[in-house]
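Peer 1: A single structure is presented below for examination.
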2 protein chains.
Amino acid sequence: MDYQHVQVPFEITLWIMLASLAKIAFHLYNKLPSVVPESCLLIFVGLIMGGIIYGLNDKSPPVMDSDIFFLYLLPPIVLDAGYFMPSRPFFENIGTILLYAVVGTIWNVFGIGFSLYGICQVKSFHLQDISLLHNLLFGSLIAAVDPVAVLSVFEEIHVNEKLHILVFGESLLNDAVSVVLYKLFRSFCEMSTIKTVDVFAGIGKFFVVGIGGVLVGLLFGMIAAFTTRFTKNIRVIEPLFVFLYSYLSYLTAEMFHLSGIVAIIACAMGMKRYVEANISLKSHTTIKYFLKMWSSVSDTLIFIFLGVSTIGDNHEWSWSYICFTIIFCLIWRALGVLVLTFFVNRLHVNTVTSKDQFIIAYGGLRGAICFSLVFLLPEFPRKKLFIAATTVVILFTVFVQGMTIRPLVDLLDVKRKRESAPTVGEQIHIRFLDHLLAGIEDISGHWGQYYWKDKLEYFNSKYLQKFLLREYDQPKSSIVLLYEKLERKHAIELVEAGQLIHEPSHTSLLVFVDSHRSTVVVKESDSMNPDVLENIQKILSRNLYRIRRTVPAYNRHNLPGESGTAEQAKEILILRHRSLR
Amino acid sequence: MDYQHVQVPFEITLWIMLASLAKIAFHLYNKLPSVVPESCLLIFVGLIMGGIIYGLNDKSPPVMDSDIFFLYLLPPIVLDAGYFMPSRPFFENIGTILLYAVVGTIWNVFGIGFSLYGICQVKSFHLQDISLLHNLLFGSLIAAVDPVAVLSVFEEIHVNEKLHILVFGESLLNDAVSVVLYKLFRSFCEMSTIKTVDVFAGIGKFFVVGIGGVLVGLLFGMIAAFTTRFTKNIRVIEPLFVFLYSYLSYLTAEMFHLSGIVAIIACAMGMKRYVEANISLKSHTTIKYFLKMWSSVSDTLIFIFLGVSTIGDNHEWSWSYICFTIIFCLIWRALGVLVLTFFVNRLHVNTVTSKDQFIIAYGGLRGAICFSLVFLLPEFPRKKLFIAATTVVILFTVFVQGMTIRPLVDLLDVKRKRESAPTVGEQIHIRFLDHLLAGIEDISGHWGQYYWKDKLEYFNSKYLQKFLLREYDQPKSSIVLLYEKLERKHAIELVEAGQLIHEPSHTSLLVFVDSHRSTVVVKESDSMNPDVLENIQKILSRNLYRIRRTVPAYNRHNLPGESGTAEQAKEILILRHRSLR
């Protein structure tokens, strides 16, 4: 036996297998996932696994490697998030999101840092050796809301689109801010004296890191779109380019100390439109399902590792410090949301309601990013206390807030996501209003979002499309484009609905029977009685097509597009067939 | 800038990117891939890359790591091969394949080994220091036909199914034999004296390695099938299990020094039937396209690395040894095929024709497996000569044989693969004959393949299905199963054909227009003139559906199911719709 030889791939495969099996086990009982978020259950499995490893070896189980987390586990989740980001609500609320992500995060970092420093001054707590800088450093890693945790909870509770994008967008874009602050404070900790120049350099870095990330991402996104122009003869490797280029954008950004998360999101959002027009729909399906699978596995592994890493001797306990950390995290976030939303609501017609504000504040979950950052801290006496505090905050937010947010959403009767897709009429109406508003803005000289959107669209159709799309015809009028888009969506939905069941779909059944009948009619029109055929057809359709299927409850493990409308269209087709007969 | 941090994933991504871009570049000119096999072009790119690296660094470029090859690059290709192996021709010819793979490989190893030893005795060649054992060791690594090279060439020339499965099956199954012989001779080289016991132990190992591989594979295959019974609530991770379990079977087999290739093939063939029945068709599509993409990338990387590794100072040249190696490889393979086919033809009604024999002998391409094995040899004075000889044999077989085999197939007018799928009539007929022959075999007391197939099918439906399938109803009669299978295949084909074009398919168009019309009729039946609707419908269908598409020429980069029948069925549907109107 030669275990050494295969150890690395074997253990990786086993971990992934464990994660997948744990996922299956939870979903065996339908009740369980509807009460407890999956993230809690996975952390729980991790805790048990960690306990077993600890019990058997009598030493701390291995801690999640920060490199593995940042280089291999995080990118698929962010790519999935960026690629399937609903771009309209995102850009409509980009100002608010940026305000929460930038100002809100800075507010939280300094709020938590300074107030914890205040707590450290209380003599009876024995925490006087923690300097202000260390407290700020801790604040910078604990303040940022975690996209993985937010996604895993919010995908299951279906709040309205705006609320979802506000929390989720903030969790993604605050990466740039928290990375800058974290690195800034860490370098300050290692410096002997801090000059004013350094502080200003730090502020300048915000823009470099964030905008740099966007530029790197867009660059790779454009290259990806350009590459897919030439894949017509070799369709099988098309999906690869989406993965490769976005991963490269992440790695390149990380290499230059820019924000990798921002880069991958910019890359995914930038390329999506052109790539989808260039690649075949088969490749598109592969990208879609593979991304879902991959991010789902990554996310499972992260939570299991989080659980495993919690067990061990890495912790130093201090009731006062840890309890006050939780309290300050909650208070400063609530205050920040209140204050910022006050300004947002003065500028917007479509305000953020107080219920929404509560959910935004309450949904500030912390997760694996804090955890990885705290382990990356340089060695100093109180590092173990920081690790303990981070762990407790993560567990508190994921377990307590994660488990109570769904009942709270029900209780407060927060506006939910509309389940049905917009109709053609609505889409045309929205499109029309966009043009109208762009015109009004142009006339009134107010350069708002509609004005810029219109300009961007013009630039896109005038230059970008010619360069990035393979089959670039004359620019079609937007109504034809919309029709084509809806058509395509509809075709995909039909296909997906048909593929859900193992019995053949009625559409194909009809085609099959039709083609049979046609050939039969042509070939042996006198040897086969039409009544007999009719009969066969009836028996087959009765046996092979279940006319009503139960629509599965929406959750993150089902893919979208499995619901209502396609079914309806199919049934209409069936009814029409019958009536024609 | 912090390159160190991201180096490993960055360089891997760049290599994959290079490989993909090289693939795109070849396929930009449609003429090129039809004349030169892709493998040759990729090796050529590798040679150029190697030359550049050699020129810039003035030292040999890195050699393909055997571990990377065997642990990461080979498994996806073999999994793809095993999962999409046509099981009927494979099992129909299993006897012949095993004869070629086992006896043929042993014949080649000893033939090449002994005759090269004879050459080494000629004084003027200055090769007397190469012992018989070393020659046999060299024979054991050079004798085996390589599945990757065979696949890449034979997938492009479309010989008949039987000929294809004979060459391809042999190349897959000879792995067990060549691994055993290679390890045997290598351990003999390190022993001082060889006892008779060792030789017999070596012979016994054949069976252990081969049958052990099959058992490991089947075990994991059954576990995989069993696991997919429980994935109903969590469809997204279904594809993962196919990849994970087959990879685990490969690693486990390698760990116990069994044949990994045989294990992964047994696993894939064993699980396929049950997994496909359990998982959703979406997951099935993801598995299909992802496997194709993955194996295609692996195969590209292997050939590029093969080219890169060729350049450098690893070679010792000896005209006589290298030329005689090529000659003996050709002669012994030709003789082996002739002799073995003679026996095969005496036992079978459906004989292997002399044209087929020529192609089998000529299609014995060597590839990356030999290359990796020769680098794994223990250090000894003439290792560099062996490396040079292996490289030349690989380049000779891939370039000369690979490029001339297509013209030869044309010239000899070898029977080609039938392009159309079997009709329902044919399938039912084949099924009927199977039962008939099983009955005849049972009555006559001859336990042939049909008898065993029947028994296996009985065992499967009596025990295995109950255990491995989720929705196990009463066993359906085989005609219903066949119908369902065809139905499903048909549905998938329809979908795939529809997805090829960016314009919406006519089917969905009709559905769309239908559903529109229905809703329109229901809602505002008096406000809309049916003539106007008819007109809109006509304009849309004229603009949005191209009735005839050019069917792309078959090659390995297109996925199957993009051709004829689905189109036909669709057109029939359209015609029928018209006639009904």
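Peer 1: Only residues that are β-branched (Val, Ile, Thr), touching a residue at least 12 places away in the same chain (Cβ under 8 Å) and assigned to a loop (DSSP other than H, G, I, E, B): list them for the stretch A:412-424, please.
Peer 2: Within the stretch A:412-424, just A:VAL414 meets the criteria.
Peer 1: Is it true that B:GLN401 is in contact with a helix residue (DSSP H, G or I) (Cβ under 8 Å, 6 or more places away or on another chain) and at pLDDT 85 or above?
Peer 2: yes
Peer 1: Which residue, of A:GLY82, A:GLY113, is over 28 Å from the mean Cα position of the chain (by Cα) and of a type in the set (Gly, Ala, Ser)?
Peer 2: Answer to the selection: A:GLY113.
Peer 1: Quickly run through the stretch B:7-36 and pick out the residues that are buried (at least 17 other Cβ atoms within 10 Å of the Cβ), facing another protein chain (nearest Cβ under 7 Å) and modelled with pLDDT under 85.
Peer 2: B:HIS27
Peer 1: From A:LEU301, A:LEU306, which residue is part of a helix (DSSP H, G or I) and away from chain B (no Cβ under 14 Å)?
Peer 2: Result of the check over A:LEU301, A:LEU306: A:LEU306.
So that you can scan it fast, the table gives a plain yes or no per residue for (1) more than 21 Å from the chain's Cα centre (by Cα); (2) aromatic (Phe, Trp, Tyr):
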{"residue": "A:PHE342", "(1), (2)": "yes, yes"}
{"residue": "A:THR353", "(1), (2)": "yes, no"}
{"residue": "A:LEU365", "(1), (2)": "no, no"}
{"residue": "A:ALA368", "(1), (2)": "no, no"}
{"residue": "A:LEU373", "(1), (2)": "no, no"}
{"residue": "A:ALA389", "(1), (2)": "yes, no"}
{"residue": "A:ALA421", "(1), (2)": "no, no"}
{"residue": "A:ILE428", "(1), (2)": "yes, no"}
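Peer 1: Given the conditions (1) within 13 Å of chain A (Cβ to nearest Cβ); (2) of a type outside the set (A, V, I, L, M); (3) surrounded by fewer than 24 Cβ atoms within 10 Å (Cβ to Cβ), which single one is not true for B:GLU254?
Peer 2: For B:GLU254, the exception is condition (3).
Peer 1: Given the options B:SER354, B:SER372, name the one that is of a type outside the set (Asp, Glu) and surrounded by fewer than 14 Cβ atoms within 10 Å (Cβ to Cβ).
Peer 2: Exactly one of B:SER354, B:SER372 is of a type outside the set (Asp, Glu) and surrounded by fewer than 14 Cβ atoms within 10 Å (Cβ to Cβ), namely B:SER354.
Peer 1: For the list (1) at pLDDT below 90; (2) in a helix (DSSP H, G or I); (3) among the hydrophobic types (A, V, I, L, M, F, W, C), I need the number of the one condition that B:PHE243 fails.
Peer 2: That leaves (1) as the condition not met.
Peer 1: Since B:SER39 meets every condition but one in (1) over 24 Å from B:ASP313 (Cβ atoms); (2) surrounded by fewer than 18 Cβ atoms within 10 Å (Cβ to Cβ); (3) hydroxyl-bearing (Ser, Thr, Tyr), which condition does it not meet?
Peer 2: Result: B:SER39 passes all but (2).
Peer 1: Could you tell me whether any residue of the stretch B:223-242 is under 16 Å from B:VAL78 (Cβ atoms) and out of contact with any Gly (no Cβ under 9 Å at 6 or more places or on another chain)?
Peer 2: yes
Peer 1: Looking only at the stretch B:61-97, how many residues end up being surrounded by 17 or more Cβ atoms within 10 Å (Cβ to Cβ) and either at pLDDT below 85 or part of a helix (DSSP H, G or I) (or both)?
Peer 2: 23
Peer 1: Somewhere in the stretch A:48-60, is a residue within 14 Å of chain B (Cβ to nearest Cβ) and either outside any helix (DSSP H, G or I) or closer than 30 Å to A:ASN160 by Cα (or both)?
Peer 2: no
Peer 1: Count, please, the residues in the stretch B:210-247 that happen to be within 14 Å of chain A (Cβ to nearest Cβ), under 22 Å from B:LEU173 (Cβ atoms) and crowded, with 23+ Cβ neighbours inside 10 Å.
Peer 2: Result for the stretch B:210-247: 7.
Peer 1: Separate question: So, B:PRO75, is that one away from chain A (no Cβ under 14 Å), touching a residue at least 12 places away in the same chain (Cβ under 8 Å) and not polar (S, T, N, Q) or not?
Peer 2: No.
Peer 1: OK, next. Please verify whether the stretch A:271-290 includes one or more residues that are more than 7 Å from every other protein chain (Cβ to nearest Cβ), over 26 Å from B:ALA25 (Cα atoms), assigned to a helix (DSSP H, G or I) and modelled with pLDDT of 90 or more.
Peer 2: no
Residue-wise test of (1) of a type in the set (Phe, Trp, Tyr); (2) over 30 Å from B:LEU133 (Cβ atoms); (3) touching a residue at least 12 places away in the same chain (Cβ under 8 Å); (4) in a helix (DSSP H, G or I).
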| position | (1), (2), (3), (4) |
| --- | --- |
| B:PHE380 | yes, no, yes, no |
| B:THR390 | no, no, yes, yes |
| B:GLN401 | no, no, yes, yes |
| B:ILE405 | no, yes, yes, yes |
| B:ASP410 | no, yes, no, yes |
| B:GLU426 | no, yes, no, yes |
| B:ILE443 | no, yes, no, yes |
| B:LEU456 | no, yes, no, yes |
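Peer 1: From the residues in the stretch A:434-461 that are exposed (fewer than 12 other Cβ atoms within 10 Å of the Cβ) and among the aliphatic types (A, V, I, L, M), which one is nearest to A:ILE94 (Cα to Cα)?
Peer 2: A:LEU436
Peer 1: Being among the small types (Gly, Ala, Ser), touching a residue at least 40 places away in the same chain (Cβ under 8 Å) and more than 21 Å from A:LYS232 (Cα to Cα) is the filter here; which residues of the stretch B:9-65 pass it?
Peer 2: Once the filter is applied, which keeps residues that are among the small types (Gly, Ala, Ser), touching a residue at least 40 places away in the same chain (Cβ under 8 Å) and more than 21 Å from A:LYS232 (Cα to Cα), the stretch B:9-65 yields B:GLY46, B:GLY50, B:GLY51, B:SER60.
The values are calculated or read from the model by the stated rules, or taken from the named source; none is laboratory data. Keep in mind that what you see is a predicted model, and the values were worked out from it rather than measured. Please note: Cβ atoms are built from the backbone with ideal geometry, for glycine as well, and neighbour counts cover all protein chains shown.
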